[in-house]
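The values are calculated or read from the model by the stated rules, or taken from the named source; none is laboratory data. Everything numeric in this text was worked out from a predicted model, so none of it was measured. All Cβ positions, glycine included, derive from the backbone under ideal geometry; neighbour counts span all protein chains shown.
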Amino acid sequence: MANKKKREQKPGDRRQQSRPQARQQSQPQSRQRAQQQRRGAPSGMSRGSLVAIVAAASVLIVLLLIGLNVAGAFGRTPTVGATSIKGNPDAKVTVEEFSDFQCPYCAQFALGTFPRIDKEYIESGKVRWVFRNMARIGEESKQAAQAAECAGEQGQYWQYHDKLFSSQQGENKGGFSTDKLKGFAKSLNLDTEAFNSCLGSGKYSDLINKDLVEGNQRGVNGTPTFFINGRKVEGALPYAEFQKALDTALK
Amino acid sequence: MSSEPAAVESQALYVLSRAVTPVLSVLGIGVSGYLLWVRLGGSLALCTGVGGCETVNASPYALIGGIPVSLVGVVTYLAILALSLWRGWWGAPWMVSLVIFGIALVGVLFSIYLTYLELYVILAVCPWCVASAVLLVGILADSWRQLEI
């Protein structure tokens, strides 16, 4: 009988089920129900209905949160390091290059094709070039990217960029160890104290990670990948191919 | 006389059943608290061996209205902990169970969205975030049980 009563109890007042159990079991069922009604669901509405309302409200709240989250993500300002941009800010064409300092094809482009593009299109004000860090090969890629930003603080981003690409020694094999990165700064006659302090602080770590996330979001599957006024071009293509793509964009 | 051991057993089960959500909430506070600490510039030591914590935590999706998702997680778990303690040890109206259910449901649905982002947008998986999602599923299941519809 007691078990039967226990099964019939609704959970509106669980504390009453356990502690003052003896007293409650002696109460008539109608009184228990009335008490549960007072402490549980509002009158005229079943618990099932209330659960359904709360579930629907939860879905609405989640949709609102997702909206806020997406709006925030898209509304955030671009994460480009200020010094990794080259050329006329009002140029008709903007090229974004997603690159990794440890990637051999990126080095091939940076040291072979890019200087010609720089001379023909960037210096003449036709093209604005934005270097984005797709530091996906490993920790040394991220370290190198941060070091370049630190060099940028002293106005030598692009010189350091060239130094890194011309000093590759394989992937994550110590070619871009902290000591090597400091050595590159010294060889470029940077203020080593300021550079070392910047590199040690990890202040550009977030920036590098954000670039990587944005590259993933925009479908960058390999490096180098370029966006010429938003149009995706993949690979270290020869100069003639870039010339064609840039001339088309400039028309 | 024979009903005494049964009563003790019943009391133990009662206590255990009330402890599920508080225990999961405390674990959740630990997990999201750690992620918040990482977000605020703490060490990355427990993340680097496993993978994408850093990438996920630094992504533009790691904020809701300018507030770190991990902070929202800490507050959510704290709220669930307080409500579940109220329900389990000091007695509380059934509506409190309903509120816990609602919070847990929001948490689980939002975790599904975050897991989708990790897998298909950010392309990096943070094991701590997955752990938090699992804890929320546990809390939701327990809160459903407590509703006893």
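Those helices (runs of 4 or more DSSP H) of segment A:128-239 in which at least 3 residues are charged (D, E, K, R), considering only elements entirely within it, cover A:139-153, A:178-187, A:205-217. Every listed requirement among (1) modelled with pLDDT of 90 or more; (2) within 14 Å of chain A (Cβ to nearest Cβ) is met by residue B:33 save one, (2).
Among the residues of segment B:100-149, those identified as within 11 Å of another protein chain (Cβ to nearest Cβ), of a type in the set (Val, Ile, Thr) and within 13 Å of residue B:56 (Cβ to Cβ) are B:121, B:122. Kindly indicate whether residue A:141 is among the hydroxyl-bearing types (Ser, Thr, Tyr) and touching a residue at least 60 places away in the same chain (Cβ under 8 Å). No; evaluated as a whole, the condition is false for this residue.
For segment A:212-234: of the residues being more than 10 Å from chain B (Cβ to nearest Cβ) and in contact with a helix residue (DSSP H, G or I) (Cβ under 7 Å, 6 or more places away or on another chain), which is farthest from residue A:108 (Cα to Cα)? Checking each candidate, the answer is A:229.
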